[in-house]
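The values are calculated or read from the model by the stated rules, or taken from the named source; none is laboratory data. Please read all numbers here as calculations on a predicted model, not as lab measurements. Note that we place each Cβ from the backbone using ideal geometry, even for glycine, and neighbour counts take in every protein chain shown.
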Ligand code: SF4
């Protein structure tokens, strides 16, 4: 090895450059003073994240209101953080030919623990029916641990106008294949009549009947959105309501009753 003296790769500054070097960094600060501010006024003003952002999960529905989840548990097996718990149920066990989802099985219990979830999206890739997708909702904080376990009713996509709430029979003459292919576009008259017989007070009946009779267009699936912006007083009231619900939830959890967190629509 030769004892070659160290030579910096960058050219050495002249005497004036050396003199100004300590204050040169302030040029960046100074120029930033004239640029527009980028501070987000969250939570009073909410900014939508990029379209492919991995946020809160959603369990989707078919246009007639049946659930897409078949309780296969592939999402739970794919989850590297063990955040998903699924128990399947048999549609055959439901009375009078009712179905929660097309085919033999449905997701009877579905939980995602958002204290464990790392939002990697592997569950989405694993799902064979596109039942599970992710929305752009990033507001997933909560005051209690139990409240961060989202149950099926929290994760199910909201019923769109014209969809018929499950359970009810599948569209006559179809199998799960027709559902997967997108050939079911809305509830039928037979499904509406079935629900009218078994749940005459169901609030989705009238809108579904209009779709079945061709008086209204087929339903467009909805998804969970960010809650609208609130002013400070409104946000405080909403947080207090959520704490009460979560406290109730913890009590129910301790007594073994199914957790039913609310206030997350
Ligand atoms: S969400 Fe998809 S992968 Fe998970 S249990 Fe339901 S159908 Fe199976």
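If you check 143, 203, which single one turns out to be surrounded by fewer than 18 Cβ atoms within 10 Å (Cβ to Cβ), farther than 20 Å from residue 71 by Cβ and at pLDDT below 95?
Going through 143, 203 in turn, just one is surrounded by fewer than 18 Cβ atoms within 10 Å (Cβ to Cβ), farther than 20 Å from residue 71 by Cβ and at pLDDT below 95: 143.
Tell me, which strands (runs of 3 or more DSSP E) wholly within region 34-147 include 2 or more residues that are within 9 Å of the ligand (Cβ to nearest atom), farther than 17 Å from residue 225 by Cβ and touching a strand residue (DSSP E or B) at 6+ places or on another chain (Cβ under 9 Å)?
Filter on region 34-147 gives 84-90, 105-113.
For region 175-184, name all the residues that are more than 19 Å from residue 95 (Cα to Cα), out of contact with any helix residue (DSSP H, G or I) (no Cβ under 9 Å at 6 or more places or on another chain) and assigned to a loop (DSSP other than H, G, I, E, B).
181, 182, listed by residue number.
Being more than 13 Å from the chain's Cα centre (by Cα) and at pLDDT 95 or above: is that true of residue 151 here?
Working: more than 13 Å from the chain's Cα centre (by Cα): no; at pLDDT 95 or above: yes.
Judged against the criteria, residue 151 is not a match.
Here are some conditions: (1) within 16 Å of the ligand (Cβ to nearest atom); (2) within 30 Å of residue 214 (Cβ to Cβ); (3) assigned to a loop (DSSP other than H, G, I, E, B); (4) modelled with pLDDT of 95 or more. Residue 187 meets all but one. Which one does it not meet?
(1)
May I ask you to list pairs of residues, at least six apart or on different chains, whose Cβ atoms are under 9 Å apart, with the first in region 77-101 being farther than 18 Å from residue 66 by Cα and the second being within 15 Å of the ligand (Cβ to nearest atom) and modelled with pLDDT under 95?
none
Hey, among the residues in region 150-168 that are outside any loop (DSSP other than H, G, I, E, B) and within 16 Å of the ligand (Cβ to nearest atom), which one's nearest to residue 217 (Cα to Cα)?
Here the residue is 156.
Just checking, which of 171, 211 is outside any helix (DSSP H, G or I) and surrounded by 14 or more Cβ atoms within 10 Å (Cβ to Cβ)?
171
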